[in-house]
Amino acid sequence: MFLGVDGGGSKTEFVLLDADGRLLARHQQTGSYYIQVGMDEVRRVVMHGTGEVLREAGAAPSGVTFAFFGLPAHGEDQEHTATLDELPRAILAADRYRCGNDMICGWAGSLGCREGINVVAGTGSICYGERAGRSARCGGWGELFSDEGSAYWIAREGLALFSKMSDGRLPRGPLHALLVKQLTLIEDLYLTDLIYNGWKQERNRIAALSQWVKDAADAGDETARDVFRRAGIELAALIGATRRKLGFDESAPVPVSYSGGAFNAGGWLLEPMMGALHGDYAHYALQRPRFSPAIGAALYAARCAGTAFGEPALRRLEQDS
């Protein structure tokens, strides 16, 4: 059995697969981004979630061949990375698991652990790819000065538009009326109290506002559509930089996929992203995500154990999931 754990800012998913590609159990917990929730909460989430997914499968920890824990911010700080690496040891032997950044889960799931590049646009954004035994990442520097094209970035840009519309610096479009209604703002300026005092600038709650930016785009708000256009261009830049790091042959199409909630915007985000990529001199082949990041974590666990899933097992898994 192979255990995959995909951590994130808003949720953490646990998946257990067998060697034939059958989905044995899955479980979901709250977020595991230690910068946001603290290391003690990450420990609780990892321990409880692992125990629950094993219980649902009727399995013991000793039955897990290998596990991969994809955790946010892993590898970005020496001290905390070492702590994250130790967390699963309370349940699994050290030689039967590996911890890494959750960006790996998105790549492994979207492309089935095949060569190529995956861009993540969830609460934050990051890009990761592998080719010929090499790996590379780009982006993921945090919401304060990076995470371009992410749900948080889209929401932040939407809030900036709202303030300009309220002031008269921009004409009022559908976005203004939509936020007033959804946030029940008696006065526009009360938005500041809600964000800074009520929500305490909570990353996840702000990122969730990106859905309403998408709704405004659907309603014909050109400024909201432009936010997604710029987001797509930013994500394309991450993909292009990752391609150059990996040294993909410019004459052959580079497999590209995507994951993360910001892509629920559909064409508003995907079309400008692919348009920007096709403006590059390299060729890209866009692929719909084959599996979820959580399943990707379990596929990566199998690969770490030297038993990568073949195509028949992957097709069976597609039917199960």
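Laboratory data are not the source of any read-out in this text; all were calculated from the coordinates shown. Model, not experiment: these values are computed from the prediction. Note: ideal-geometry Cβ built from the backbone for every residue, glycine included; neighbour counts use all protein chains shown.
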Item to complete: Of the listed values [x] 68, 48, 35; [y] 67, 47, 30; [z] 63, 49, 38, grab the one calculated as Cα extents along the principal axes in Å from the structure here.
Response: [z]
Worksheet item: Using the Karplus equation 6.51 cos²θ - 1.76 cosθ + 1.60 (θ = phi - 60°), what ³J(HN,Hα) coupling, rounded to whole Hz, does each residue of segment 92-105 give in order, writing x for Gly and Pro?
Response: 10, 5, 4, 8, 10, 8, 9, 10, x, 6, 5, 4, 5, 4
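For W199, W212, W107, which order do you get if you count the other beta carbons within 10 Å of each Cβ and list the fewest first?
Working: W199 14, W212 21, W107 29.
Lowest to highest Cβ neighbour count: W199, W212, W107.
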Item to complete: Can you grab the distance from the C-alpha centre of segment 155-210 to the C-alpha centre of segment 1-77, Å, no decimals?
Response: 35 Å
Response to the item:
Counting only residues 5 or more apart in sequence or on a different chain, those whose built amide H sits under 5 Å from that of V254 are H283, Y284, A285
Fill in: Most mobile of Q36, Q182, Q28 in a GNM of the chain (Cα contacts under 10 Å)
Q182
Worksheet entry | Cα-centre dipole for segment 1-84 with unit charges at Cβ (Lys and Arg positive, Asp and Glu negative), debye to 20 | 240 debye
Discussion item. Compute, for segment 110-163, the length of the dipole vector about the Cα centre, with Cβ point charges of +1 (Lys, Arg) and -1 (Asp, Glu) only. Units Debye, rounded to 20.
Written reply: 220 debye
Fill in: Order of M1, M103 - criterion: other Cβ atoms within 10 Å of each residue's Cβ, fewest first
M1, M103
Discussion item. Which residue fluctuates most in the GNM of the chain (Cα springs below 10 Å): G279, G106, G31?
Written reply: G279
Item to complete: Please report the relative contact order for segment 115-289, taking Cα pairs under 8 Å with a sequence separation of at least 6, and give it as a percent rounded to a whole number.
Response: 30 percent
Fill in: Charge dipole magnitude, Cβ of K and R +1, D and E -1 - the chain, Cα centre, debye nearest 20
400 debye
